[in-house]
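The next block holds one structure in the form of structure tokens; read it before the comments.
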Amino acid sequence: MTLQITPLSAAFGAEVHGLDPTIPPDTEGCETLRSAFDRYGVLVFPDAAIDRWMQTCVTELVRGEADLSADKIEADAQKQSSFYISNKIEDAAAPFGRLMWHSDGMWSDHPFEVISLYGEAIEPPVPPTQFASTTLAWDTLPADLRARIEHAAAVQVPGPESFAQRRGDDDGDLVQPVRDREYSVTKPIAHRHPRTGRTLLFVSQQMTSHVVDIPPAESEDLLKALFDHMYAPTNIIEHDWREGDLVVWDNPACQHARPDVKLDSSVRTLRKVGWPLPPMGQKQAVGSYRRIPASQ
Ligand SMILES: [Fe+2]
């Protein structure tokens with residue numbers, strides 16, 4: 001079956017139809033998916049109806065992995081066999097709360113390049129997953145803002161505890177990952193995408209602590225201007241989940257976020273696969289999660 005790619009918006013994102021859920025795409029199909037992934041950043045496969053093996057295969061192939069042999073994919077799938085985002089499964093990641101904008105692992109030297117979520121058990125309506133393009137944000141950055149950050153660097157941390165004031169007028173609880181130690185990295189704000197070489201805006205609402213070498217108040221003002229630009233409605237798409245949907249995205253090129261998820265609301269279980277796996281493990285050393293109430 002031929003794969004059909006349909007753009008989701010004028011900005012980025014595309015829908016894919018025609019994926020065979022039982023066998024990997026042929027050479028032509030792989031090329032179609034890779035080129036769509038690099039062009040659109042977010043690929044949505046409605047009603048894909050696939051298992052974790054096939055999800056792992058698609059997640060790896062869009063990054064250009066050459067070895068898609070059954071045994072290799074099976075071994076990689078097994079390494080993430082318990083990786084879920086869910087408000088119902090015990091020990092799942094991010095079980096409750098709102099997630100502010102971020103790319104997974106911005107604060108580490110080994111962030112995922114590709115992330116996929118599959119709607120394994122969904123009782124609609126559930127909160128959507130939202131996406132913002134960091135590459136389009138860079139391409140459309142006003143000249144005065146670009147001049148201020150072209151040679152600047154920023155400190156990235158897991159957050160969002162220190163940045164709870166950035167929640168704006170959304171009073172939902174935030175979810176705070178509890179890790180074995182504090183992590184942080186300092187990287188240029190004009191960040192080069194590891195595969196495509198495109199420049200992307202490397203700051204985020206949840207994970208950027210501050211811009212280095214300027215006073216704290218100036219840093220926060222600068223970040224607010226960058227966030228207002230990057231998270232403008234014209235640079236955002238969102239996916240309303242239905243059971244069987246697969247969404248695969250370019251983690252550096254697209255940040256993600258979600259509104260508040262409640263433990264006692266309807267089932268929202270998303271099977272997650274990230275690639276490549278960081279040396280510290282698939283959950284990046286998260287021990288548990290803590291709630292940051294709206295009043296904080
Ligand atoms: Fe995330």
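The values are calculated or read from the model by the stated rules, or taken from the named source; none is laboratory data. On a predicted model such as this, the values are computed, not experimentally measured, just so you know. Cβ coordinates were reconstructed from backbone atoms using ideal geometry, including for glycine residues, and neighbour counts include every protein chain displayed. With ligands, DNA and RNA removed, areas are computed over all heavy atoms of the protein, side chains included. Shrake-Rupley method; radii C 1.70, N 1.55, O 1.52, S 1.80 Å.
Quick notes
- Condition check for TYR84 on (1) out of contact with any Lys or Arg (no Cβ under 9 Å at 6 or more places or on another chain); (2) of a type outside the set (Val, Ile, Thr); (3) buried (at least 20 other Cβ atoms within 10 Å of the Cβ): one failure, at (1).
- Each residue in region 109-119 was checked for being assigned to a loop (DSSP other than H, G, I, E, B), more than 12 Å from the ligand (Cβ to nearest atom) and under 18 Å from VAL62 (Cβ atoms), and 1 pass.
- Test: residue in region 210-226 that is under 19 Å from the mean Cα position of the chain (by Cα) and under 22 Å from PHE96 (Cβ atoms): no
- Qualifying residue in region 59-80 (condition: within 14 Å of the ligand (Cβ to nearest atom), modelled with pLDDT of 90 or more and hydroxyl-bearing (Ser, Thr, Tyr)): no
- For VAL211, the test of being out of contact with any Cys (no Cβ under 8 Å at 6 or more places or on another chain), of a type in the set (Val, Ile, Thr), closer than 24 Å to PRO142 by Cβ and away from the ligand (no atom under 14 Å from the Cβ) is passed.
- Checked against (1) assigned to a strand (DSSP E or B); (2) modelled with pLDDT of 95 or more; (3) aromatic (Phe, Trp, Tyr), TYR289 meets all criteria but (2).
- Filter result (more than 13 Å from the ligand (Cβ to nearest atom) and closer than 13 Å to PRO111 by Cβ) within region 245-269: ASP250, ALA253
- Where a residue in region 145-158 is over 14 Å from PHE227 (Cβ atoms) and its partner, wherever it lies, is open to solvent by 20 Å² or more (accessible area, probe 1.4 Å) and acidic (Asp, Glu), with Cβ under 9 Å and at least six apart: ALA152/ASP213; ALA153/ASP213; VAL157/GLU182; PRO158/GLU182
- Residue count for region 224-261, restricted to those that are within 21 Å of SER184 (Cα to Cα), touching a Phe, Trp or Tyr at 6+ places or on another chain (Cβ under 9 Å), not in a strand (DSSP E or B) and not polar (S, T, N, Q): 3.
- Listed by first and then second residue, the pairs with beta-carbon distance under 7 Å, at least 6 apart or on different chains, first residue in region 1-30 and open to solvent by 50 Å² or more (accessible area, probe 1.4 Å), second modelled with pLDDT of 95 or more and aromatic (Phe, Trp, Tyr), are PRO7/TYR40.
- Across region 120-132, the number of residues qualifying as within 16 Å of the ligand (Cβ to nearest atom) and in a strand (DSSP E or B) comes to 4.
- Search result, residues across region 83-108 that are more than 10 Å from the ligand (Cβ to nearest atom), assigned to a loop (DSSP other than H, G, I, E, B) and modelled with pLDDT of 90 or more: PHE83, ASN87, LYS88, ILE89, GLU90, ALA92, PRO95, PHE96, TRP107, SER108
- Answer residue from region 125-139, given it is of a type in the set (Val, Ile, Thr) and closer than 19 Å to LEU43 by Cα and is surrounded by the most Cβ atoms within 10 Å (Cβ to Cβ) among those: THR134
- Screening ALA137 on (1) in contact with a helix residue (DSSP H, G or I) (Cβ under 8 Å, 6 or more places away or on another chain); (2) in contact (Cβ under 8 Å) with a residue 60 or more places away in the chain; (3) under 19 Å from LEU270 (Cβ atoms) shows it passes everything except condition (3).
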